[in-house]
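> I'd like to ask you about the structure that follows.
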Amino acid sequence: DEIDISYFGVAGLNPVTIGGVEGNYYYDQVKEDFYFKRTQAGEEVTISAPTRVITSAMKNRRENDILVLFIGSNNHYSSKNTDELIAIQEQMIKYSGSKKFIIVGLTSKDYMSEVDEVNAILKERWGKNFVDLREYMMTEKCLTDNGITPTEQDLIDLANGEIPSSLRTDTIHGNQTFYNIIADMVGDRMEALHYIR
């Protein structure tokens with residue numbers, strides 16, 4: 001399978017260790033390909049079978065870390081297979097070793113037609129550890145709270161059950177205001193759960 005773990009950035013990734021060799025894994029936008037560059041010169045190592053990539057975050061995890069998971073949209077989950085998403089989240093939480101975690105709800109109805117149903121299932125499973133972005137973003141109040149006067153398209157979007165265009169760059173990705181809202185909501189929940197003061 002093609003690996004694209006650094007396509008959207010390398011936060012928590014580098015340095016990685018592959019087959020006992022430490023280096024940096026990165027995507028070269030000019031060459032449009034992925035590369036691994038050793039941190040120190042050494043003898044050639046041949047890897048002939050699938051090998052786990054050990055990331056910096058994996059090596060440096062601590063039980064007091066706060067894990068924030070915002071995953072699932074690209075897999076187009078529905079109410080029929082949300083258990084698969086929950087199983088992945090459970091595995092990630094277990095692997096992290098942390099008892100402090102936040103599950104961030106999904107947002108795009110265009111990308112996932114049953115997004116509200118999926119979020120309801122996630123909310124039931126995770127309770128206070130679940131942050132429902134969509135519930136807040138689907139209000140005119142969200143726009144005005146963030147200094148945005150709702151446009152005609154925003155109102156059409158809301159009526160159609162979609163996050164307002166003033167918060168998005170496309171049908172799934174948010175703009176800076178969208179991500180600021182996420183940061184604020186996750187930060188507030190961390191405080192409410194006494195993860196931070």
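The values are calculated or read from the model by the stated rules, or taken from the named source; none is laboratory data. All values derive from a computational prediction rather than experimental measurement. Don't worry about glycine lacking a Cβ; one is built from the backbone with ideal geometry, like all the others, and counts go over all protein chains shown. Each accessible area value is taken on the protein alone, full model and side chains, heavy atoms only, with ligands, DNA and RNA left out. Shrake-Rupley method; radii C 1.70, N 1.55, O 1.52, S 1.80 Å.
> Under the definition of Cα pairs under 8 Å and six or more residues apart, what whole-number percent is the relative contact order of the chain?
14 percent
> Sticking with this one: Among the helices of the chain (complete DSSP H runs), which have Cα atoms covering no less than 20 Å along the helix axis and a Kyte-Doolittle mean of at least -0.5?
82-96, 176-192
> Ok, one more. Give me the number: length gained by fully extending Asn74 to Phe130, i.e. 0.36 nm times residue separation minus the C-alpha to C-alpha distance, one decimal in nm.
18.3 nm
> Something else: Any idea of Glu140's accessible area? Nearest 10 Å², probe 1.4 Å.
For Glu140, the solvent-accessible surface is approximately 100 Å².
> How much length is gained if the chain between Met58 and Ala120 is pulled fully straight, taking 0.36 nm per residue apart and subtracting their Cα-Cα distance, in nm to one decimal?
Values: separation 62, 0.36 × 62 = 22.32 nm, distance 3.05 nm.
Residue separation times 0.36 nm, minus the Cα-Cα distance, leaves 19.3 nm.
> To the nearest 10 square angstrom, how much accessible area does Ser78 have with a 1.4 angstrom probe?
The value for Ser78 is about 30 Å².
> Would you tell me the accessible area of Asp33, worked out with a 1.4 angstrom probe on the heavy atoms of the protein chains, in Å² to the nearest 10?
70 Å²
> Further question on the same structure: In what order, largest first, do Val21, Val45 sit by accessible area if the probe radius is 1.4 Å?
Working: Val21 20, Val45 70 Å².
Output order, biggest surface exposure first: Val45, Val21.
> Set Lys and Arg Cβ to +1 and Asp and Glu Cβ to -1, take the dipole of the chain about its Cα centre, and tell me which of Gly19, Ala120, Asn60 lies farthest positive.
Projecting each Cα onto the dipole axis, the largest value belongs to Asn60.
> While we're on this one: Tell me, what ³J(HN,Hα) does each residue in segment 26-43 have, in order and in whole Hz, if you take phi through Karplus 6.51 cos²θ - 1.76 cosθ + 1.60 with θ = phi - 60° and put x for Gly and Pro?
8, 9, 8, 5, 6, 7, 6, 8, 9, 9, 10, 10, 4, 7, 9, 4, x, 5
> In nm, give the distance between the simple-model label positions of Ala49 and Ala183, each being 7 Å from the Cα along the Cα-to-Cβ direction.
4.5 nm
> Same structure, new question: For Lys94 and Ile148, calculate 0.36 nm times their separation in residues minus their Cα-Cα distance, and state this gained length in nm to one decimal. Provide the component values of the computation, followed by the final result.
Values: separation 54, 0.36 × 54 = 19.44 nm, distance 3.97 nm.
That works out to 15.5 nm of additional length.
> Here's a follow-up. What does the helix-only formula give at 222 nm for the chain: each DSSP H stretch with n ≥ 4 adding -39500 (n - 2.57), the total divided by the residues, and the result rounded to the nearest 500 deg cm²/dmol?
Working: 7 runs with 67 residues, N = 197.
Calculated mean residue ellipticity at 222 nm is -10000 deg cm²/dmol.
> Tell me whether segment 1-130 comes out rounded, prolate or oblate; compute the Cα gyration tensor, take square roots of the eigenvalues as a ≥ b ≥ c, and use a/c under 1.5 as the rounded threshold.
Details: a/c = 2.62, a/b = 1.76, b/c = 1.49.
Since a/c reaches 1.5 and a/b is larger than b/c, the shape of segment 1-130 is classed as prolate.
> On average over all directions, what projected area in square nanometres does segment 43-197 have, based on the convex hull of its Cα atoms?
On the way: hull surface 49.0 nm².
Convex hull of Cα atoms, orientation-averaged projection: 12.2 nm².
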